[in-house]
Structure formats: structure tokens, C-alpha cells
Amino acid sequence: MGDQRLLRVAQPVTEFGTPHLTALLQDMRDTMAHLDGAGLAAPQIGVDLRVVIFGGVANPRYPDAPDVADTVLINPELLPLSSEEEEGWEGCLSVPGLRGWVPRWKHLRYAGFDEGGQRFERVVEGFHARVVQHECDHLDGLLYPMRVRDFSRFGFIQELFGEDQPENDDLT
Ligand code: NI
């Protein structure tokens, strides 16, 4: 947080199936795995493209987090399906050591392209919807602290929770 590259509106991907895109996705997967993350956006490693990854194998740090399919999502479009919001704890690799209580759309349709350029769409809710919104915010230069409304619920993990870290809060 504070790096200007996190504040840019990222550029759409125009070519799929290229060695450049393959290498970027490998770099993102390696980074996410190394940090035990649940998701990562290209701007978080300094790359100005509309590419996010999320989900995959269960996170050993958060064994009770709901499963989210291992997903590559490129040039995403998000559409809330109702005005209903849900609040939950979020963390971010770009904002280490902190957690915040963040409102998100509860029901969501999202669409985009996989790494081969195949378009797909999903209707999701809850934790899956939260992860997608967090990661796609990175593509528009938004970090979760910009979404926090109640700043009494934004702070250092140790101060907020002591030893009892919340589940489902590890979004990167
Ligand atoms: Ni993040």
C-alpha cells in the first residue's frame, strides 16, 4: 500500500495464449502459493493488466474456508444481482498485518475470459463473491481499506483478534 502501481486502472488483456500471459500466470500462482493466499491480482506484482487468480486447494491456514474453484479471470465484468450487502473481514497481501470489516455485494454475476481466451460466467454469493470483488477492485486501483466504513473495525490483526484470527479473511 502506497506503491502507485496499486492505484492504476489496469489495462485489458488483448492477446490470449501467449508466452507472456502464461509466464505472468505462473508468476502469480507461485506468489499466491508462497504466501498462502486465496487470491492475487496482477497489479499486486506490479503488472498493469486486468488479470486475477483465486481459489484452488484448501488453504492450510484457513481449513474451514469454503471451497472456491481454482480460477483465472481476465478482463472481468461484475454485476450485483441484488442490492443486498454482506460485511466480513478482509486482509490483503498488499496491506500486510491488518484486517478490516468490509461491505460487499452478497449476490453477484461475473464474467470474463480464461487464459485461453474462452469466455465464461458464474453466479456466486458469500465468500466466493467477496473474493472476486476484492481481487477485481485491485484492477481499478482500489484497496479494501478504501471500502471500510467502520474504522473501529480496521486495525492490526494482533490488536483486533489476539490469537483468535478470524476464518475466511485471507484474500490477498
Ligand atoms: Ni488484496
- If you scan region 55-87, which residues turn out to be within 16 Å of the ligand (Cβ to nearest atom), under 15 Å from Val124 (Cβ atoms) and modelled with pLDDT under 95? Gly55, Ala65, Val68
- Taking Val9 and the conditions (1) open to solvent by 70 Å² or more (accessible area, probe 1.4 Å); (2) of a type in the set (A, V, I, L, M, F, W, C); (3) part of a strand (DSSP E or B), which numbered condition does it fall short on, given that it satisfies the others? (3)
- Message: Among the residues of region 141-163, what is the count of those that are open to solvent by 70 Å² or more (accessible area, probe 1.4 Å) and within 16 Å of the ligand (Cβ to nearest atom)?
- Response: 2
- Across region 1-42, what is the number of residues that are within 13 Å of the ligand (Cβ to nearest atom), within 10 Å of Ile53 (Cβ to Cβ) and not small (Gly, Ala, Ser)? 4
- Query: If we scan region 16-38, do we find a residue that is in contact with a helix residue (DSSP H, G or I) (Cβ under 8 Å, 6 or more places away or on another chain), modelled with pLDDT under 95, of a type outside the set (Ser, Thr, Tyr) and surrounded by 12 or more Cβ atoms within 10 Å (Cβ to Cβ)?
  - Reply: yes
- Message: Yes or no: region 96-105 includes at least one residue that is within 16 Å of the ligand (Cβ to nearest atom), at pLDDT below 95 and open to solvent by 50 Å² or more (accessible area, probe 1.4 Å).
- Response: yes
- Query: Any idea which residue in region 79-94 is farthest from Phe154 (Cα to Cα), counting only those that are of a type in the set (A, V, I, L, M, F, W, C) and crowded, with 18+ Cβ neighbours inside 10 Å?
  - Reply: Leu93
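The values are calculated or read from the model by the stated rules, or taken from the named source; none is laboratory data. Model, not experiment: these values are computed from the prediction. Cβ sites come from the backbone with ideal geometry, for glycine too, and all protein chains shown count toward neighbours. Accessible surface is based on the protein model in full, side chains and every heavy atom, while ligands, DNA and RNA are left aside. Shrake-Rupley method; radii C 1.70, N 1.55, O 1.52, S 1.80 Å.
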